[in-house]
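S.K.: Just dropping this structure here.
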Amino acid sequence: MSLLPNATMASARQALAVDGRSLSNLKVQAAEGGEGQRSAVKESAKQLESLFMRELIKSMREATMKSGLLDGAEGNLANDLFDQQLSVQMAGQPGGLAEAIQRQLARQLGGEGDAPALMPGATLRLDALQRRPAPSAADDPRAPSPRGKEDFVQGHRSAAEAVARESGIPASFMLGQAGHETGWGKSEIRHKDGSNSFNLFGIKAGRGWTGKVAEITTTEYIDGKPRKVTAKFRAYDSYADSFRDYARLITESPRYEKALAKTHSAQAWAAELQKAGYATDPNYASKLSRAIQSTLAVARVPAAGQAASSVQA
């Protein structure tokens, strides 16, 4: 039995979460058994939790509207280094994910009795994170739209990504706009009999529309003031049809040409849609931009979950 020298273990604790050499040293020590194994398992669990925490911090930072003051490569590097160290400092707290990871590692190494007892429900939360299937509206096109931001994004994600590959419009832009238009699935356009129109983007039925129609009372901004009006909206047979029709509208109408040139920026995209008259709300661009940013954050959560589930590999 050999123990990690005090200096080596201290160095491991202070290492950045992305330091592969530090994690490799801990793996070697864990294989040797004894007290060294217990210490290495505990520190490895902390490092893995740190990786998970860093993904969450990164998602929250990227979802935050930028001020422009510190944007650029230098600011991004400084933020990245700060996030790395912050994730190291946050990891290893009592009742945190590290204890669940440590218990799993100890079980694999045959030393479960040395692992800390988990807080009530911790195992259940970890299993849910690893195994929770993403709901999909594509499974049943007649089913109601998933409600709540996370379920809405994950439920419509496959349809949005399929249309994105065909149209060049980022899936996150379409998901964010669909979420904004429907209140993340809570305020969908419905027919008078209560059935779903599957219209996720609030597209109206103009004179050239020959398909089904849903007539509802909606809010329009006239001379900058909100007014209740009755309007006809397009209706579809499925949510996938809604995504495809939206893409056709944006890519085939000359009024949205400038928006198609701004797919590199959510803010620029939203601004061009408002300028083109997509909606009458004078604050539509800022609202849509925030919805897209929040969609990007939700879409990254599964990636962070995969980092945690790698503990079982």
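The values are calculated or read from the model by the stated rules, or taken from the named source; none is laboratory data. Since the model is a prediction, treat every value here as computed from it, not as a measurement. Virtual Cβ from ideal backbone geometry, glycine too; neighbours counted across all protein chains shown. Note: areas computed on protein heavy atoms with side chains; ligands, DNA, RNA excluded. Shrake-Rupley method; radii C 1.70, N 1.55, O 1.52, S 1.80 Å.
S.K.: The stretch 246-278 to the stretch 196-240: how many Å between their Cα centroids?
M.R.: 19 Å
S.K.: Which order do the peptides 237-245, 160-168 come out in when sorted by mean C-beta neighbours inside 10 angstrom, highest first? Please list the in-between numbers first.
M.R.: Details: 237-245: 20.2, 160-168: 16.7.
The most tightly packed comes first, giving 237-245, 160-168.
S.K.: Highest mean first, how do 216-228, 260-272, 200-212, 285-297 rank when packing is the count of other Cβ atoms within 10 Å averaged over residues?
M.R.: Numbers: 216-228: 10.5, 260-272: 17.3, 200-212: 14.2, 285-297: 20.4.
Taking the mean over residues of other Cβ atoms within 10 Å, the ranking is 285-297, 260-272, 200-212, 216-228.
S.K.: With only alpha-carbon atoms counted, please give the Rg and Dmax of the stretch 159-313, in Å.
M.R.: 16.7, 60
S.K.: Across the stretch 187-242, how large is the tail of the calculated P(r) beyond 16 Å, expressed as a percent of all Cα pairs?
M.R.: 42 percent
S.K.: I want the local charge near Glu272. Using Cβ-Cβ distances under 13 Å, sum +1 for each Lys or Arg and -1 for each Asp or Glu among the other residues.
M.R.: On the way: positive: Arg255, Lys258, Lys262, Lys275; negative: Glu257.
Net of charged neighbours comes to +3.
S.K.: Give, as a single signed number, the net charge of other residues whose beta carbon lies under 11 Å from the beta carbon of Trp209, with Lys and Arg counted +1 and Asp and Glu -1. Before the final figure, lay out each step's value.
M.R.: Working: positive: Lys204, Arg207, Lys212, Lys232, Arg234; negative: Asp245.
Neighbour charge sum, excluding Trp209 itself: +4.
S.K.: Let me ask you something else. If you roll a 1.4 Å probe over the heavy atoms of the protein chains, what accessible area per residue do you get for the stretch 190-289, in Å²? Write out the running numbers ahead of the final one.
M.R.: Values: 5470 Å² over 100 residues.
Per-residue value: 55 Å².
S.K.: At 1.4 Å probe size, with the rest of the protein present, what percent of the exposed accessible area of the stretch 168-212 is carbon and sulfur atoms? Walk me through the numbers on the way to the answer.
M.R.: Values: 970 of 2000 Å².
Carbon-and-sulfur percentage of accessible area, whole number: 49.
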